[in-house]
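A.B. asks: Questions regarding the structure given below will be posed in turn.
The values are calculated or read from the model by the stated rules, or taken from the named source; none is laboratory data. Since we're looking at a predicted model, the values are computed, not measured. Methodologically, a virtual Cβ is constructed for each residue, glycine included, from the backbone with ideal geometry; neighbour enumeration extends over all protein chains shown.
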C-alpha cells in the first residue's frame, strides 16, 4: 500500500471508532475527519468543502424543509386519522400504523414521520392496554423500512445515487429503489404486525387512561415550614415509602449527599432528590410540604424583579430612601432638611426666622396673571403662564401614565393567575436532533423564556446520578414539564420535542395543506419522470412553499438539521479521497480474496451484511459514504453490474434494527418505550435476517449481475 492509502485508511478507522464510541456528535466526527485529510495533504484546501455543494446534500436539506411543511399544515395528521383504525384487533391496528409510517417515510424525513405518529402510537397503546414499547418499536421499524422505497426516503439513498453519478452511470431515478425496497418493506411490515411486536420486551405496564415512561428524578426544596425539617434521610424514606417514591439524595450548599448517610438531618433550604412515579409526585410534595425547585427559583426572580421595579419607579429603596440617600420626608442621613441648601438666600432666610421677625410681609402665592410663584430664598419669581400650564400637563400625563402602568400590572397579575389555573403536566421526549441535547435545565432558563418548568427527567436504562438541573439532556430523554398548553406547545416546537400525548388531529389550514400536498406531488413527479434533477425539483418546491407561505420564512432554516448537512458534506469529500487514493480497491480486494473467494453472489451478501452491521453502530449516512467506494471497487474487480452492489449498500445502511444508536428513530423511542440498549435485538435480529433473505433474491432479479 502507498502512504496515502495507509493514511486515509487510518483516518477512516479512527472515524468509525469515534462514531461507535460516541464521545463527539456525528457532525463533529465527520468534520474532524475532513480536516485530518486536509492537514495530511490528501485533500487540497480549496476543495475541502466541495462536498457541501453535492446534489445529495442539497436534496436532503430541501426534503427536511418540505417535511416541515407537511407537518405544520396538518396534512399528515388528517391522513393518520383516516388510515389508523379506531376499532379492530391489535394486529390490524399495528399493521395499519406501521404501514402508514412506512408510506409517509418514503416521501418525507423519517424522523418527522416518526414524530408525527408517536402520539397516535401512545394512544393506541392505551386503548389496547399494551406497554408503549410494543407499539413504538414496530412504528420505528416501519418508518425505517419505508425510507428505502424512494430516492428521497433516506439520506443513504441519495448518497448512493451520487456515487453512481460520479462513476459516470448517472443518478438513480425517484422510484428506482422501489422494486426492491417496497417488497422488503411489505414483508417487514407483515412480520412486525404478525410476530414482531410480540417479541418486544414489555418494560412497563400501562393502564387504559395513562401513559407512563417510568420513574422520574425530581428536585424539591425544603421550605421553612416543611415537615421534613429535622428528619433524617432514613426517616424520610419511611415517611414516603407508601407513596411509591424514595429519597435518593440530598443537595446541601450545592453539594450532593448520598442516602448512604441515613442519619443526616434535613434543614430548611436543602434540596431533596426524589425518585417517583409521575402520579405519586404531587402526593409526596404535599405530605412533606415541599416545593418544586424550579417553581421556587422563578418566584425568587419575580420577587427580585418586582422590588427592583418599585425602586426604579419611586427612586427609593426598601428603606424609604431615594437615590441621594434621603428619606421620604426629605431629610438626609444626618437629619438635615433637604430644602436647607447652603445658599446665600437660604442663610438669609434662616437668619430672619431665627430673629423671630421677617424683613418683608408675606408674598402672595400667585402673580397678577394667576400663574404660580416659585420660592427662591426670601423672595419670589414669577413663572410664565405657559410654563405653569406645561407643568400641569406634565403632571396630568404622569398621573395617566401611572394609572396605565397600574392597569398593566393588574392585567399581568390576572394573566399569571389564569396561567396558574391552566397549568398542566405534559410528558415529552427529546428528539435526536433537538436543540436541548447537551444542555441542562439550569442554562435553558425555562421559567424566564417559556414560563414553564422541568419537573423531572426519565432516562430508562441509565440512572442519572447528577442533579436534575445540571444533568445534560440527550436524545430519547423523557421530560415531565409543567406549564400552560400554549407555552408547552411553543417550547416543543422551538426545541424539537415530541409530546407523548394524543393531540387533536386537525388541519390548522386546509387550504395550505392542499397546497403543500400538490406542490410535493409536482416535485416528486418532476424528479420521477426525469424532467428535472432531484435537487432542482425539490429546491423549486421549497421556493413554492416559501412564496405561498406554507412554511413561515422564520421556520425555513430552522427546519434544516445543520448536523446532518455537515455530516454529509464532510464525509462525501472523505469518501471520494478513499476512492481516488485506491484505498477502496485495497479493502475490496481483501474482502473478495479472503471471504468471497471471487464469488459475486457471496460478495453481494458480504457487502450487505457489512453495511448493515456498521449501520447498527454508526450513522447510516456515514456508513453509506464509506461503503459506496468499496462496493464500486468490488463490482469493478469482479466485472459485474455495480447497481446490485450499490443497492445492497442502500438497503444495508437503512436497516439498523439491533441498537438504539443505529438510527435516529430507534433513539427517539428509547425513553418513551422504557427500553434498554439490549432490548432491540429480540425483534431487530429476526428483522435483519429477514431483510437479507428477501433483498438478495430481489437484487439479483431486479439488478442482475
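A.B. asks: Could you please let me know if residue 195 is part of a helix (DSSP H, G or I), under 22 Å from residue 135 (Cα atoms) and at pLDDT 80 or above? Can you show your working first?
C.D. replies: Details: part of a helix (DSSP H, G or I): yes; under 22 Å from residue 135 (Cα atoms): yes; at pLDDT 80 or above: yes.
Considered against the rule, which asks whether it is part of a helix (DSSP H, G or I), under 22 Å from residue 135 (Cα atoms) and at pLDDT 80 or above, residue 195 comes out as yes.
A.B. asks: If we scan the stretch 597-610, do we find a residue that is within 30 Å of residue 427 (Cα to Cα) and either modelled with pLDDT under 85 or surrounded by 23 or more Cβ atoms within 10 Å (Cβ to Cβ) (or both)? Even if it seems obvious, please write down each step before you answer.
C.D. replies: Step one: filter the stretch 597-610 for residues within 30 Å of residue 427 (Cα to Cα), giving none.
Scanning the stretch 597-610, I find no residue that is within 30 Å of residue 427 (Cα to Cα) and either modelled with pLDDT under 85 or surrounded by 23 or more Cβ atoms within 10 Å (Cβ to Cβ) (or both), so the answer is no.
A.B. asks: Which condition number in (1) over 21 Å from residue 626 (Cβ atoms); (2) touching a strand residue (DSSP E or B) at 6+ places or on another chain (Cβ under 9 Å) is the one that residue 44 fails?
C.D. replies: Single failed check for residue 44: (2).
A.B. asks: Counting only residues that are closer than 21 Å to residue 186 by Cβ and not in a helix (DSSP H, G or I), how many does the stretch 130-161 have?
C.D. replies: 7
A.B. asks: Out of 160, 192, 180, 135, which single residue is surrounded by 24 or more Cβ atoms within 10 Å (Cβ to Cβ) and closer than 23 Å to residue 432 by Cα? Break it down stepwise before answering.
C.D. replies: On the way: 160 fails: closer than 23 Å to residue 432 by Cα; 192 fails: closer than 23 Å to residue 432 by Cα; 180 fails: closer than 23 Å to residue 432 by Cα.
Every option except 135 fails the conditions.
A.B. asks: Scanning for something surrounded by 12 or more Cβ atoms within 10 Å (Cβ to Cβ), outside the structural domain of residue 552 (by TED's automatic domain parsing), outside any loop (DSSP other than H, G, I, E, B) and modelled with pLDDT under 75, does the stretch 470-478 turn up at least one residue? Walk me through how you get there before you give the answer.
C.D. replies: Our first condition is that a residue be surrounded by 12 or more Cβ atoms within 10 Å (Cβ to Cβ); within the stretch 470-478, this holds for 470-478.
Narrowing the set further to residues that are outside the structural domain of residue 552 (by TED's automatic domain parsing) leaves 470-478.
From what's left, outside any loop (DSSP other than H, G, I, E, B): 470, 473, 478.
Restricting the remaining residues to those that are modelled with pLDDT under 75 gives 470.
The answer is yes; a qualifying residue exists.
A.B. asks: If we keep just the residues of the stretch 666-682 that are more than 12 Å from residue 144 (Cβ to Cβ) and at pLDDT 85 or above, which is surrounded by the most Cβ atoms within 10 Å (Cβ to Cβ)?
C.D. replies: 679
A.B. asks: I would also like to ask the following. If you take the residues in the stretch 81-98 that are assigned to a helix (DSSP H, G or I) and modelled with pLDDT under 85, which one is nearest to residue 500 (Cα to Cα)?
C.D. replies: Of the residues in the stretch 81-98, the ones assigned to a helix (DSSP H, G or I) are 81-83, 90-98.
Narrowing further to those that are modelled with pLDDT under 85: 81-83.
Values: 81: 17, 82: 21, 83: 20 Å.
Out of the qualifying residues, it is 81.
A.B. asks: In addition: Filter the stretch 116-132 down to residues that are buried (at least 24 other Cβ atoms within 10 Å of the Cβ) and either touching a strand residue (DSSP E or B) at 6+ places or on another chain (Cβ under 7 Å) or free of Cβ contacts under 8 Å to residues at least 60 places away in the same chain (or both), then give me how many there are.
C.D. replies: So the answer is 5.
A.B. asks: Can you pull out the residues in the stretch 543-568 that are in a helix (DSSP H, G or I) and crowded, with 24+ Cβ neighbours inside 10 Å? Even if it seems obvious, please write down each step before you answer.
C.D. replies: Looking only at the stretch 543-568, we keep the residues that are in a helix (DSSP H, G or I), and these are 543-547, 553-559, 562-568.
Hits for the stretch 543-568 are 545, 567, 568.
A.B. asks: Pairs, please: C-beta under 6 Å, at least 6 apart or cross-chain, first residue without any contact (Cβ under 8 Å) to a residue 60 or more places away in the chain and in the stretch 28-52, second surrounded by 13 or more Cβ atoms within 10 Å (Cβ to Cβ) and in a loop (DSSP other than H, G, I, E, B)?
C.D. replies: Qualifying pairs under 6 Å: 38/48.
A.B. asks: Checking the condition closer than 27 Å to residue 517 by Cα and in the same structural domain as residue 551 (by TED's automatic domain parsing), which residue from 30, 75 passes? Lay out the reasoning, then the answer.
C.D. replies: On the way: 30 fails: closer than 27 Å to residue 517 by Cα.
On inspection, the qualifying residue turns out to be 75.
A.B. asks: Looking at 69, 101 in this structure, which one is touching a helix residue (DSSP H, G or I) at 6+ places or on another chain (Cβ under 7 Å), part of a helix (DSSP H, G or I) and either over 23 Å from residue 126 (Cβ atoms) or free of Cβ contacts under 8 Å to residues at least 40 places away in the same chain (or both)?
C.D. replies: Numbers: 101 fails: either over 23 Å from residue 126 (Cβ atoms) or free of Cβ contacts under 8 Å to residues at least 40 places away in the same chain (or both).
Of 69, 101, the one residue that is touching a helix residue (DSSP H, G or I) at 6+ places or on another chain (Cβ under 7 Å), part of a helix (DSSP H, G or I) and either over 23 Å from residue 126 (Cβ atoms) or free of Cβ contacts under 8 Å to residues at least 40 places away in the same chain (or both) is 69.
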